[in-house]
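To start, the structure under review is shown below, and the notes come after it.
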């Protein structure tokens with residue numbers, strides 16, 4: 001599961017952040033903020049990833065000490081494109097796994113290649129434990145979703161179980 005998240009974030013950062021992407025290829029993005037809590041308590045240091053159900057670019061963020069996050073698509077804290085998203089939340093303890101060795105195999109469209117990632121042996125590359133239920137780390141099982149709107153407040157608060 002962790003490999004999936006790292007792959008999506010790495011691909012997104014590579015295809016948009018590192019290459020800069022042409023301005024014509026960029027979709028408009030809108031500020032997105034929110035919080036993540038588990039049992040009513042804020043979760044610090046969790047990764048929040050918005051995976052589009054409509055072929056929009058992936059947006060991601062990390063929670064701070066109060067569980068708050070801001071999403072990034074192209075530039076730090078710029079937001080997410082309008083659309084419907086599956087929301088993934090993970091928090092791993094220990095050293096992060098290195099997914100750079102599998103990035104080249106999946107191209108630059110994380111939504112197109114997302115399911116093919118499951119063929120990798122996650123146990124071989126995962127070096128940490130996810131402290132959040134695994135259901136929140138997979139597009140197929142996450143109960144969390146969000147609809148980013150061009151004119152909306154786009155504040156999403158998630159309570160995990």
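Where a number appears in this text, it was derived from the coordinates with a stated rule and is not lab data. Here the structure is a predicted model, which means the values were calculated and not measured. When we count neighbours, we look across all protein chains shown, and the Cβ atoms used for this are built from the backbone with ideal geometry, even at glycine.
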Computed lengthening from residue 54 to residue 155, 0.36 nm per intervening residue step minus Cα-Cα distance: 34.4 nm
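Arrange the peptides 83-91, 59-67 so that the one whose residues have, on average, the most other Cβ atoms within 10 Å appears first.
83-91, 59-67
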Gain upon complete extension [residue 131, residue 31; 0.36 nm per residue less C-alpha separation]: 33.2 nm
Peptides ranked, highest mean first, by Cβ atoms within 10 Å: ranges 42-50, 133-141: 42-50, 133-141
